[in-house]
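Enquirer: The structure's right below; bear with me while I get my questions together.
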Amino acid sequence: MRLELPRLGHTVTVCPDGLTAIAALDKNTYDCIIVDLDMPGKDGISVIAHCKEISPETEAVVLTGKSTTETAIAALRHGAFDYLTKPCKLIEIQALLNRVTEKRQLQQKYRALQHQVLRLEGAPQLIGKTPGMQKVKVLIEKVAPTSSTVLILGETGTGKELVARALHDNSPRAENPFVAINCGALPETLIESELFGHRKGAFTGADDHRTGLFEVAHGGTIFLDEIGELPKSMQAKLLRVLESGEIRRVGENKSVTVDVRVVCATHRDLQAMVAEEEFREDLMYRINTFEINLPPLRERIDDVPELALHLLARHRRGGKAELAADTIEALRGHIWPGNVRELANVIEHATILCDEGPIHREHLPQHFDSRQLQGAAKQRRGIMTLREMEMEAIIEALERNDGSKPKAAGQLGVSLKTLYNKLNSASELEKSA
């Protein structure tokens, strides 16, 4: 096995006894262990029990003599995947390892599907016939069949994840997992574990072995949303993965090869972040092999009625989707600072008030018209200073998000730190005045 299995594509670690095997399991995670039942130090069942305790996903195969078949059945009861009777042929071992591989692939697809269902709110569909959206669709058609890394740029709420899904669905990887993760939504201490996985006991709170999302997405696509929020320490590790195709679980020293297409997205200006030394220049060039810019909703107002009808149809689940003329007029006249996400919220609100029949203007949120009036009032006031315009935009964003500074910063396209600096600066000016 030490000589022949590597020729068949397997990486093999050989241990002379049970204690050495347990020490190896404590350092690294393996897809499969093949153990003899009778070994010095620790017997095979003890090794399997230890393996299942620290790495439940690792499959165990037992080698046994014909006279100990009952013991092999006992090993199955302890969690072994299968057993082989000695002497066994190489072709039998390979067939069994193929079954282990198929099982692990099915488990990974199942996890990816669970992950996707949690995020999915309807079938991914890019709506829009304006020139800006037509250009996006052409770019997706061109780059989807390749394995190139893609960077999607656009304001918060413009539908960057839909573009990533369209890239995956139109690629040769479409039958494999699509895994999405928001880099800005995870605490810095958990990002590495989430992306690359960890072994049990690797850090405080690591009570179980965890498969990272890069492994879950093996053979498919991983979507790293808000890549601009990734900490500098993680940027270097991501760059290594992109260049080598290998990941290393937290708490292990053995690398694992993954076949994953990486699609990234951000609303931040990465060039400016590079200039401010907030983002690695080499990583920016690595993820920006192919760039897709999503236009904000205010630049494709003609798409708003079609988008609104699509969102309404989703909420009514097959019921008639219809917008009254006054509603269409109001929707087309709005500036949409929150883009498609804001439109989705407006339609959901209207659907609650009007569960059947056409949506009228009276069904739109109360603040909808007031924002329009605020905009007109600003125009009548005349020229404002840049600082006044900036602070008014910040106040409006905070009001829109019920005072949530992280959400307001996201909509404004600035970091949370920048938003706090702006607010502190304004407070100091008021005190000095």
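The values are calculated or read from the model by the stated rules, or taken from the named source; none is laboratory data. Please read all numbers here as calculations on a predicted model, not as lab measurements. Virtual Cβ from ideal backbone geometry, glycine too; neighbours counted across all protein chains shown.
Enquirer: Kindly check whether there is at least one residue in the stretch 175-194 that is buried (at least 21 other Cβ atoms within 10 Å of the Cβ), closer than 17 Å to Thr58 by Cα and not hydroxyl-bearing (Ser, Thr, Tyr).
Expert: No, that holds for no residue.
Enquirer: Among the listed residues Thr64, Thr85, which satisfies the condition of being in contact with a strand residue (DSSP E or B) (Cβ under 8 Å, 6 or more places away or on another chain), modelled with pLDDT under 85, more than 29 Å from Arg210 (Cβ to Cβ) and surrounded by fewer than 19 Cβ atoms within 10 Å (Cβ to Cβ)? So that I can check it myself, show each step before the final result.
Expert: Details: Thr64 fails: surrounded by fewer than 19 Cβ atoms within 10 Å (Cβ to Cβ).
Matching residue, one of Thr64, Thr85: Thr85.
Enquirer: Now for a different question. Do any strands (runs of 3 or more DSSP E) entirely within the stretch 1-102 hold 3 or more residues that are within 35 Å of the chain's Cα centre (by Cα), and if so, which?
Expert: Numbers: elements: 32-36, 59-64, 82-85.
Correct list: 32-36, 59-64.
Enquirer: Just to be sure before I move on: is Leu186 among the hydrophobic types (A, V, I, L, M, F, W, C) and modelled with pLDDT of 90 or more in the structure I sent?
Expert: The answer is no for Leu186.
Enquirer: Further, regarding this structure: Checking the conditions here, which among Phe196, Phe203, Phe223, Phe214 is touching a Gly at 6+ places or on another chain (Cβ under 6 Å) and not β-branched (Val, Ile, Thr)?
Expert: Details: Phe203 fails: touching a Gly at 6+ places or on another chain (Cβ under 6 Å); Phe223 fails: touching a Gly at 6+ places or on another chain (Cβ under 6 Å); Phe214 fails: touching a Gly at 6+ places or on another chain (Cβ under 6 Å).
Step by step, each of Phe196, Phe203, Phe223, Phe214 is checked, and only Phe196 is touching a Gly at 6+ places or on another chain (Cβ under 6 Å) and not β-branched (Val, Ile, Thr).
Enquirer: Can you name the number of the only condition in (1) at pLDDT 90 or above; (2) within 25 Å of Glu396 (Cα to Cα); (3) surrounded by fewer than 20 Cβ atoms within 10 Å (Cβ to Cβ); (4) hydrophobic (A, V, I, L, M, F, W, C) that Ile335 fails?
Expert: Just one mismatch for Ile335, condition (1).
Enquirer: Let me confirm something: among Val260, Val250, which residue is touching a residue at least 40 places away in the same chain (Cβ under 8 Å) and touching a His at 6+ places or on another chain (Cβ under 6 Å)? Don't jump to the end; show me each part of the working.
Expert: Working: Val260 fails: touching a His at 6+ places or on another chain (Cβ under 6 Å).
Answer to the selection: Val250.
Enquirer: Here is a further query. I'd like to check something: does the stretch 283-302 contain any residue that is within 22 Å of Asp225 (Cβ to Cβ) and of a type in the set (Asp, Glu)?
Expert: Within the stretch 283-302 (the criterion being within 22 Å of Asp225 (Cβ to Cβ) and of a type in the set (Asp, Glu)), the answer is yes, since at least one residue qualifies.
Enquirer: Sticking with this one: Which residue is nearest to Glu92 (Cα to Cα), if the candidates are limited to the stretch 27-48 and must be out of contact with any strand residue (DSSP E or B) (no Cβ under 9 Å at 6 or more places or on another chain) and surrounded by fewer than 16 Cβ atoms within 10 Å (Cβ to Cβ)?
Expert: In this case the residue turns out to be Pro40.
Enquirer: Just need a number here: residues in the stretch 135-154 that are assigned to a loop (DSSP other than H, G, I, E, B) and either touching a residue at least 40 places away in the same chain (Cβ under 8 Å) or β-branched (Val, Ile, Thr) (or both). Show your work before the answer.
Expert: First, the residues of the stretch 135-154 that are assigned to a loop (DSSP other than H, G, I, E, B): 144-149, 154.
The next check asks that each one be either touching a residue at least 40 places away in the same chain (Cβ under 8 Å) or β-branched (Val, Ile, Thr) (or both); those that pass are 146-149, 154.
Residues flagged as assigned to a loop (DSSP other than H, G, I, E, B) and either touching a residue at least 40 places away in the same chain (Cβ under 8 Å) or β-branched (Val, Ile, Thr) (or both) within the stretch 135-154 amount to 5.
Enquirer: Just one of the numbered conditions (1) surrounded by 18 or more Cβ atoms within 10 Å (Cβ to Cβ); (2) at negative phi; (3) of a type outside the set (Phe, Trp, Tyr) is not true of Met273; which one?
Expert: The single condition Met273 does not satisfy is (1).
Enquirer: Kindly indicate whether Lys417 is modelled with pLDDT of 75 or more, surrounded by 12 or more Cβ atoms within 10 Å (Cβ to Cβ) and outside any loop (DSSP other than H, G, I, E, B).
Expert: no
Enquirer: Same structure, new question: For the stretch 251-347, list the helices (runs of 4 or more DSSP H) that sit wholly inside it and hold at least 2 residues that are under 30 Å from Glu215 (Cβ atoms); which are they?
Expert: On the way: elements: 270-275, 281-287, 304-316, 325-333.
By residue number, 270-275, 281-287.
Enquirer: Limited to the stretch 117-148, what total is found for residues that are at pLDDT 95 or above and under 17 Å from the mean Cα position of the chain (by Cα)?
Expert: Within the stretch 117-148, residues that are at pLDDT 95 or above and under 17 Å from the mean Cα position of the chain (by Cα) number 0.
Enquirer: Continuing with the same structure: From the list Ala344, Ala321, pick out the single residue that is more than 24 Å from Glu399 (Cα to Cα), aliphatic (A, V, I, L, M), surrounded by 14 or more Cβ atoms within 10 Å (Cβ to Cβ) and assigned by TED's automatic domain parsing to the domain that holds Leu412. Give the derivation first.
Expert: Working: Ala344 fails: more than 24 Å from Glu399 (Cα to Cα).
After ruling out the rest, the residue left standing is Ala321.
Enquirer: Would you check which residues across the stretch 222-243 are of a type in the set (Val, Ile, Thr) and assigned to a helix (DSSP H, G or I) and list them? Show your work before the answer.
Expert: First pass over the stretch 222-243, keeping only residues of a type in the set (Val, Ile, Thr): 222, 227, 241.
Listed by number, the residues that qualify are Ile227, Val241.
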